[in-house]
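Trainee: Have a look at this one before I ask anything.
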Amino acid sequence: MAVSGGADSTALLIGLRHLAGELDLDLHAAHLHHGLRGAEADRDLAFVRALCLRLAVPLVHARWNTRLRMRRRGLAGQGGLRTLRREFLRSAARRVGAAGIVTAHTADDQLETLLMRLGRGTGLTGLAGMRPRRGAWLKPLLGATRADIERDLTRAGETWREDRSNRDPAYTRSRVRHEAIPALARALAPRLAPERGRAVLARRAAEAAGEAGLASSRLGGLARRALSRAWRIQAGVPTLAAARFRGLPEDVRRAALRGLWHRVCPGSTGLTRPHLEALGRLIDSGDGGGIIHLPGGWRAERDRDVVRFRNGRSARRLAAVRLPLPGHVDWEGERIEARWTTGREARRRLAASADAGEFFAADGLARPLLVRRAEPGERFVPFGRSRAARLGRFLSRQGVSQDVRKNPTVLADSGGILWVLGVRRSARAPVAADTRRVLWVHAERHD
């Protein structure tokens with residue numbers, strides 16, 4: 001779990017340590033020194049070390065020059081630091097073989113998040129705020145307020161660290177926390193003490209976010225089913241059957257279009273309301289034509305009853321599409337499907353040697369997973385080998401067709417190639433005797 005030394009993560013570490021035996025938890029702590037606050041950050045690390053030593057919890061820690069890392073990657077501000085922290089935590093989880101990453105976000109953090117999203121503009125998914133669980137990320141304290149946590153720590157005689165940067169008005173979250181929320185508490189709960197009023201607002205925000213999360217999940221399920229029937233990748237171009245989108249409720253259709261965009265252009269800026277409205281008009285138009293422009297140089301073109309998504313800045317075919325977990329994508333006549341299973345079931349099916357798919361240990365994956373074209377010059381370690389091979393040379397020795405050699409399709413994550421579809425998986429993320437969670441991936445022609 002992530003431990004900064006603040007009240008929230010200190011309380012959560014102590015609580016999980018007491019529950020470790022009962023819940024059969026193999027608990028590890030992780031702390032990142034950002035290299036930004038000098039001696040104060042050194043004291044944070046010393047505090048976390050001492051706490052973990054007292055609780056007999058193994059600690060993974062690192063000291064990064066985050067300014068240099070952000071400058072090299074074009075990152076900035078609190079968002080850039082958050083990206084680096086998440087990367088460090090994923091790396092720490094892989095190092096110790098952790099199945100989950102726990103963070104100590106509270107109801108107060110949820111309130112701040114909702115207010116910032118409302119200010120910037122958001123839909124139902126944004127109103128759901130942070131989720132208690134999202135993949136491997138776990139946030140068990142979203143129902144607890146910061147005041148509750150600090151009171152419990154004080155009663156238990158525990159101390160914690162305070163990060164002065166959390167009060168820096170240069171950061172939006174800090175201004176929301178120390179200016180906007182106190183003003184709201186005074187306006188909406190004038191008879192309560194300031195801390196009490198803040199806690200009431202935080203609990204209400206947590207409850208509302210939970211209900212919005214349930215509604216968003218149900219809407220997402222309807223959208224994914226609608227999308228699975230309507231979109232394909234043909235000759236490298238994402239296409240949408242307009243007829244299958246007509247008649248859908250507007251909220252389902254917009255959620256499906258957001259999902260489609262997330263797959264077509266992973267990592268791009270999202271579709272705004274004007275984009276969604278324009279796509280809706282394009283889908284509903286009866287004249288069979290039209291073009292609209294989308295973020296990242298993309299455009300949507302209507303040709304008869306098909307909407308095609310093309311990159312307007314180049315003639316390249318679609319380079320990558322995100323594989324939902326669990327879920328499937330359609331890629332140039334192939335359906336690539338992914339499902340979670342247990343290590344025991346995966347080992348049973350591997351021993352039977354009758355499964356057409358591939359199995360990958362969850363703790364060896366670095367999400368998101370992409371189905372993409374590979375460059376012949378890429379390197380990967382084929383399963384059964386210990387040395388990396390150049391992909392183009394490897395394929396030429398496997399007797400595959402020239403078309404496959406020129407345009408190999410792979411399943412990959414940020415760590416590189418996991419599987420050359422139809423040829424060979426990599427040596428990464430193998431299923432071992434102690435693997436608990438496994439991703440099964442299957443590819444099948446469907447045209």
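Trainee: Determine, for each peptide in 241-249, 88-96, the mean count of other beta carbons within 10 angstrom over its residues, then list the peptides with the highest first. Kindly include the intermediate steps, with their values, before the conclusion.
Mentor: Values: 241-249: 14.4, 88-96: 17.9.
Highest to lowest by the protection proxy: 88-96, 241-249.
Trainee: Let me ask another. Which order do the peptides 110-116, 120-126 take when ranked by the mean count of other beta-carbon atoms within 10 Å per residue, highest first? Working shown, then result.
Mentor: Values: 110-116: 21.7, 120-126: 14.3.
The densest-packed peptide leads the list: 110-116, 120-126.
Trainee: Using all alpha carbons of region 164-285, what is the percent of pairwise distances in each 10 Å bin, ordered from the shortest bin to the longest?
Mentor: Going out from 0 Å in 10 Å bins, region 164-285 shows 11, 27, 22, 20, 16, 4, 0 percent.
Trainee: Here's a follow-up. Given a 1.4 angstrom probe, I'd like the percentage of the accessible area of the chain that is carbon and sulfur, rounded to a whole number.
Mentor: About 50 percent, which is the carbon plus sulfur part of the accessible surface.
Trainee: How big is the equivalent ellipsoid of region 60-164 along its three axes, where each semi-axis is √(5λ) from the Cα gyration tensor, reported in whole Å from largest to smallest?
Mentor: Working: eigenvalues 114, 92, 53 Å².
They are 24, 21, 16 Å, listed largest first.
Trainee: Further question: List the extent of the Cα atoms of region 164-212 along each of their three principal axes, largest first, rounded to whole Å.
Mentor: So the three principal-axis extents are 30, 28, 15 Å.
Trainee: Sum up the charges of everything whose Cβ sits under 11 Å from the Cβ of ARG246, counting Lys and Arg as +1 and Asp and Glu as -1, but leave ARG246 out.
Mentor: Values: positive: ARG244, ARG253; negative: ASP284, ASP305.
My count for the surroundings of ARG246 gives 0.
Trainee: What does the highest-first list of 2-12, 49-59, 250-260 look like by mean Cβ count within 10 Å? Show your work: numbers first, answer last.
Mentor: Numbers: 2-12: 22.7, 49-59: 14.8, 250-260: 20.0.
Put in order of decreasing packing, that is 2-12, 250-260, 49-59.
Trainee: For region 182-245, restrict the atom set to alpha-carbon positions and state the Rg and Dmax in Å.
Mentor: For region 182-245, the Cα-based Rg and Dmax read 21.8, 65 Å.
Trainee: For the chain, what relative contact order do you get, as a whole percent, if you take Cα pairs closer than 8 Å and at least 6 residues apart?
Mentor: Working: 699 pairs, mean separation 49.5, N = 447.
Over the chain, the number comes to 11 percent.
Trainee: Angle check, please: helix 250-264 long axis (alpha carbons) against the longest principal axis of the chain (alpha carbons), in degrees 0 to 90, nearest 10.
Mentor: Helix 250-264 sits roughly 80 degrees off the main axis of the chain.
Trainee: Taking a probe of 1.4 Å, how large is the accessible area per residue of the chain, in Å²?
Mentor: Details: 23590 Å² over 447 residues.
Accessible area per residue, the chain: 53 Å².
Trainee: Any idea what the alpha-carbon Rg over 2.2 N^0.38 Å comes to for region 1-133?
Mentor: Values: Rg = 16.1 Å, N = 133, 2.2 N^0.38 = 14.1 Å.
With N residues counted in region 1-133, Rg over 2.2 N^0.38 Å equals 1.14.
Trainee: While we're on this one: Using alpha carbon centroids, what distance separates region 216-250 and region 407-447, in Å?
Mentor: Spelled out, the Cα-based centre of one part sits 26 Å from the other.
Trainee: Give the angle, between 0 and 90 degrees and rounded to the nearest 10, that separates the Cα long axis of helix 343-352 from the longest principal axis of the Cα atoms of the chain.
Mentor: Helix 343-352 sits at roughly 30 degrees to that axis.
Trainee: Determine the principal axes of the Cα atoms in the chain, then give the extent along each, sorted from largest to smallest and rounded to whole angstroms.
Mentor: 68, 56, 41 Å, listed from the longest principal axis down.
The values are calculated or read from the model by the stated rules, or taken from the named source; none is laboratory data. Bear in mind that the values here come from a model prediction, so they are computed numbers and not experimental data. A quick note on method: Cβ atoms are made from the backbone with ideal geometry, for glycine too, and the neighbour counts reach across all protein chains shown. Calculation scope for accessible area: heavy atoms of the full protein, side chains included, ligands and nucleic acids excluded. Shrake-Rupley method; radii C 1.70, N 1.55, O 1.52, S 1.80 Å.
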